[in-house]
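Right, one structure below, let's go through it.
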Amino acid sequence: MQYISTRGGMDPASFSDILLEGLAPDGGLVMPTHIPRLEQATIESWRELSYPALAREVIGVYWTDIPAEDLDRIVTAAYGDQFVSDDVVPRTQIGDHTWLLDLSQGPTLAFKDMAMQFLGEAIPYVLTQRGETLNILGATSGDTGSAAEHAFASKPNVAVFMLSPKGRMSAFQRAQMYSLTDENVHNIVVDGVFDDCQHMVKELNGDLTFKRANTLGTVNSINLGRLVAQCVYYFWAWLRATDEHPGSTSPIDVTVPSGNFGNIFSGQLARLMGLPIRRLVLATNENNVLDEFFRTGVYTPRSAQDTVATSSPSMDISKASNLERLIYLVLGSDPIKLSGAFSALDAAGTLDLSRYQSRLAEQFGMVSGASTHADRLTAIRQTWENAQVLIDPHTADGVTVAQAYRDDAVPMFVLETAKPEKFSDTVVEAIGRAPELSEELQDMLGREQHIVELRDNVEQLRDYIAEHAVR
Ligand SMILES: *Cc1c(COP(=O)(O)O)cnc(C)c1O
């Protein structure tokens, strides 16, 4: 399998090559040259597989340039004991024909672990084979940075330099990141806001000499390796939904709390591979740029100032980086049309694809909805009262929007993207008490923290990285 750019300006590359890349060199996003369609019998033959074995089969469709035994070792390590449940991804019924698919059993209690734990094995494997190193530089205000640190801690040939804004992270988020003691994890706390952190990262990435000398890279949300790893749990959900009727081809619906459009695009990939998914329901919060796109066919990214801070912060986005991949498919995988559309978007600030709108719903099965803070509180309270299951505010976005599309003929899966312990203030607001913390989490909150403090100063950051980068 070969990989190209949505904008047409990249030579075909292997999966191992593109694992180490963010944006394609022409500013586009990486896509497979074609999306393979699986036989229903092939999917059926995966029914008895464990989660890691299923991951080997699904990821193996895309990662074709390494030996099968090596991929097997990678997924076995990625989806092992660090996930609390033996199933890795358990499901819980919360209502009539409605289940949560629990993607938050990993070390940082959020779904980012599903992809990051895979990259934490896959990237060091490629680096070791090639005799290369990678210094991951990123900025975080929460889940992504934490998942990356936990995935790459103590892995060979990699270091992580993660910038976070001073005084802007919750006590839980701080403890989860700053209590790591691994020498290759650098928590750099910046006296500034998240935008200052991002700005510093951009500036160093723009300095190509420095970037090359220190082998800087990222594992951001547009990395195709992450999307491929996330495909696996859609297959898992469908297989478990049909376990009582093997051989059946009845579909499921899936609701996805969405931000950068990564998680739900993985579901679209699975659907295009032939997995029986009827609808992919996209849920947003008050930052509803994507809900607006699916309702009207018009995509109008917001400015950072127009993005509001909500109680489901990991979905507070102004533009959705991975949407370019869907638009590429909608435009018939034509890089010329896609480049034209994105130039028009850059010039006008908006992209009118309303003439393709019926195609989004019919051919791609995509529909959407949005929730408010009050909706999320209601969803948390009702799920607690009706099913004795405590959900977090992101999952509550999904539960709210799923209700509008639920139908007795097709089972609905809502993706649980984080654990309520991470967002206990909102839980208290909803049900009057905080989620109980396990002994392990209490212990984490009390542990000593390790940080490096920098002023909002790129020179200091440059010196720090030059001194501590792996070579
Ligand atoms: C990242 C994240 C999301 C949004 O996922 P995308 O892939 O960016 O759409 C939703 N919920 C939680 C808890 C997250 O961390």
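The values are calculated or read from the model by the stated rules, or taken from the named source; none is laboratory data. Since the model is a prediction, treat every value here as computed from it, not as a measurement. Cβ: placed from backbone, ideal geometry, glycine included. Neighbour counts: every protein chain shown. Heads up: the accessible areas ignore ligands, DNA and RNA and are worked out on the full protein's heavy atoms, side chains in. Shrake-Rupley method; radii C 1.70, N 1.55, O 1.52, S 1.80 Å.
Check segment 63-75 and report whether any residue there is in contact with a strand residue (DSSP E or B) (Cβ under 9 Å, 6 or more places away or on another chain) and modelled with pLDDT of 95 or more.
Taking every residue of segment 63-75 in turn, none turns out to be in contact with a strand residue (DSSP E or B) (Cβ under 9 Å, 6 or more places away or on another chain) and modelled with pLDDT of 95 or more.
Please specify each residue of segment 375-402 satisfying the condition of being more than 11 Å from the ligand (Cβ to nearest atom) and over 14 Å from Q93 (Cα atoms).
D375, R376, L377, T378, A379, I380, R381, T400, V401, listed by residue number.
Considering only residues that are touching a Ser or Thr at 6+ places or on another chain (Cβ under 9 Å) and β-branched (V, I, T), look in segment 132-169 and name the one that is farthest from S314 (Cα to Cα).
T133
Are there any pairs, at least 6 apart or on different chains, whose C-beta atoms fall under 6 Å, with the first in segment 36-48 and within 16 Å of Q268 (Cβ to Cβ) and the second surrounded by 13 or more Cβ atoms within 10 Å (Cβ to Cβ), and if so, which?
Qualifying pairs under 6 Å: P36/V61; R37/G274; L38/M273; L38/G274.
From the list L323, L282, exactly one residue is over 18 Å from V401 (Cα atoms), of a type in the set (A, V, I, L, M), within 12 Å of the ligand (Cβ to nearest atom) and open to solvent by less than 10 Å² (accessible area, probe 1.4 Å). Which is it?
Values: L282 fails: over 18 Å from V401 (Cα atoms).
That would be L323, the only listed residue that is over 18 Å from V401 (Cα atoms), of a type in the set (A, V, I, L, M), within 12 Å of the ligand (Cβ to nearest atom) and open to solvent by less than 10 Å² (accessible area, probe 1.4 Å).
Checking V367 against (1) in a strand (DSSP E or B); (2) of a type in the set (A, V, I, L, M, F, W, C); (3) modelled with pLDDT under 95, only one condition comes out false. Which one?
(3)
Report yes if P411 is surrounded by 12 or more Cβ atoms within 10 Å (Cβ to Cβ) and within 15 Å of the ligand (Cβ to nearest atom), otherwise no.
Numbers: surrounded by 12 or more Cβ atoms within 10 Å (Cβ to Cβ): yes; within 15 Å of the ligand (Cβ to nearest atom): no.
So P411 fails the test.
Looking only at residues that are within 22 Å of P107 (Cβ to Cβ) and assigned to a helix (DSSP H, G or I) in segment 401-424, which one is farthest from the chain's Cα centre (by Cα)?
Kept after step one, since they are within 22 Å of P107 (Cβ to Cβ), are these residues of segment 401-424: 415-424.
Next, only the ones that are assigned to a helix (DSSP H, G or I) stay: 420-424.
Values: P420: 18, E421: 19, K422: 17, F423: 18, S424: 22 Å.
Applying the filter and picking the extreme gives S424.
Sort out which residues of segment 32-41 are open to solvent by 60 Å² or more (accessible area, probe 1.4 Å) and not hydrophobic (A, V, I, L, M, F, W, C), and write them in order of number.
Residues of segment 32-41 that are open to solvent by 60 Å² or more (accessible area, probe 1.4 Å), as a first pass: 33-34, 37, 39, 41.
Hits for segment 32-41 are T33, H34, R37, E39.
Of the residues I18, I74, only one is surrounded by 18 or more Cβ atoms within 10 Å (Cβ to Cβ) and touching a Gly at 6+ places or on another chain (Cβ under 8 Å); which?
Values: I74 fails: touching a Gly at 6+ places or on another chain (Cβ under 8 Å).
The match here is I18.
Identify all residues within segment 339-373 that are among the hydrophobic types (A, V, I, L, M, F, W, C) and within 24 Å of H97 (Cα to Cα); write none if there are none.
A361, F364, M366, V367, A370
Here is a yes/no grid of residues against (1) out of contact with any helix residue (DSSP H, G or I) (no Cβ under 6 Å at 6 or more places or on another chain); (2) buried (at least 18 other Cβ atoms within 10 Å of the Cβ); (3) on the phi > 0 side of the Ramachandran plot:
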| position | (1), (2), (3) |
| --- | --- |
| I327 | yes, yes, no |
| S339 | yes, yes, no |
| A347 | yes, no, no |
| E362 | yes, no, no |
| I380 | no, yes, no |
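Assuming E416 fulfils every condition listed in (1) open to solvent by 60 Å² or more (accessible area, probe 1.4 Å); (2) within 13 Å of the ligand (Cβ to nearest atom); (3) of a type outside the set (A, V, I, L, M) apart from one, which condition is it?
Looking at each condition in turn, E416 falls short on (1).
This table checks each residue for (1) within 15 Å of the ligand (Cβ to nearest atom); (2) open to solvent by less than 10 Å² (accessible area, probe 1.4 Å); (3) not polar (S, T, N, Q).
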| residue | (1), (2), (3) |
| --- | --- |
| L224 | yes, yes, yes |
| C231 | yes, yes, yes |
| S250 | no, no, no |
| D253 | no, yes, yes |
| F265 | yes, yes, yes |
| L275 | no, yes, yes |
| L290 | yes, yes, yes |
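Examine segment 333-350 for a residue that is part of a helix (DSSP H, G or I), away from the ligand (no atom under 15 Å from the Cβ), over 21 Å from V427 (Cβ atoms) and among the basic types (K, R), and state whether such a residue exists. First the steps, then the outcome.
Of all residues in segment 333-350, those part of a helix (DSSP H, G or I) come to 335-348.
Then drop every residue that is not away from the ligand (no atom under 15 Å from the Cβ), which leaves 335-348.
Still in the running and over 21 Å from V427 (Cβ atoms): 335-348.
Now drop any that are not among the basic types (K, R), which leaves 337.
The answer is yes; a qualifying residue exists.
Give the residues of segment 419-460 that are basic (K, R) and either touching a Ser or Thr at 6+ places or on another chain (Cβ under 6 Å) or open to solvent by less than 100 Å² (accessible area, probe 1.4 Å) (or both), sorted by residue number. So that I can check it myself, show each step before the final result.
From segment 419-460, those basic (K, R) are 419, 422, 433, 447, 455; that's our starting set.
Answer for segment 419-460, where residues must be basic (K, R) and either touching a Ser or Thr at 6+ places or on another chain (Cβ under 6 Å) or open to solvent by less than 100 Å² (accessible area, probe 1.4 Å) (or both): K419, K422, R447.
Please work out which one of (1) in contact with a strand residue (DSSP E or B) (Cβ under 6 Å, 6 or more places away or on another chain); (2) not in a loop (DSSP other than H, G, I, E, B) is the condition G60 fails and give its number.
Among (1) in contact with a strand residue (DSSP E or B) (Cβ under 6 Å, 6 or more places away or on another chain); (2) not in a loop (DSSP other than H, G, I, E, B), G60 violates only (1).
Can you confirm whether segment 302-309 contains a residue that is among the small types (G, A, S), within 16 Å of the ligand (Cβ to nearest atom) and either at pLDDT 95 or above or in contact with a Cys (Cβ under 9 Å, 6 or more places away or on another chain) (or both)?
Checking segment 302-309: not a single residue is among the small types (G, A, S), within 16 Å of the ligand (Cβ to nearest atom) and either at pLDDT 95 or above or in contact with a Cys (Cβ under 9 Å, 6 or more places away or on another chain) (or both).
If you check L54, L49, L29, which single one turns out to be out of contact with any strand residue (DSSP E or B) (no Cβ under 6 Å at 6 or more places or on another chain), open to solvent by less than 40 Å² (accessible area, probe 1.4 Å), modelled with pLDDT of 95 or more and more than 19 Å from S333 (Cα to Cα)? Spell out the reasoning first.
Details: L49 fails: open to solvent by less than 40 Å² (accessible area, probe 1.4 Å); L29 fails: more than 19 Å from S333 (Cα to Cα).
Among L54, L49, L29, only L54 is out of contact with any strand residue (DSSP E or B) (no Cβ under 6 Å at 6 or more places or on another chain), open to solvent by less than 40 Å² (accessible area, probe 1.4 Å), modelled with pLDDT of 95 or more and more than 19 Å from S333 (Cα to Cα).
Evaluate the following for D463: is it free of Cβ contacts under 8 Å to residues at least 12 places away in the same chain and either open to solvent by 70 Å² or more (accessible area, probe 1.4 Å) or within 30 Å of V232 (Cβ to Cβ) (or both)? I'd like the intermediate steps shown before the answer.
Working: free of Cβ contacts under 8 Å to residues at least 12 places away in the same chain: yes; either open to solvent by 70 Å² or more (accessible area, probe 1.4 Å) or within 30 Å of V232 (Cβ to Cβ) (or both): yes.
When the stated conditions are applied, D463 passes them.
All but one of (1) within 16 Å of the ligand (Cβ to nearest atom); (2) more than 30 Å from I317 (Cβ to Cβ) hold for A270; state the number of the condition that does not hold.
It fails just one condition, (2).
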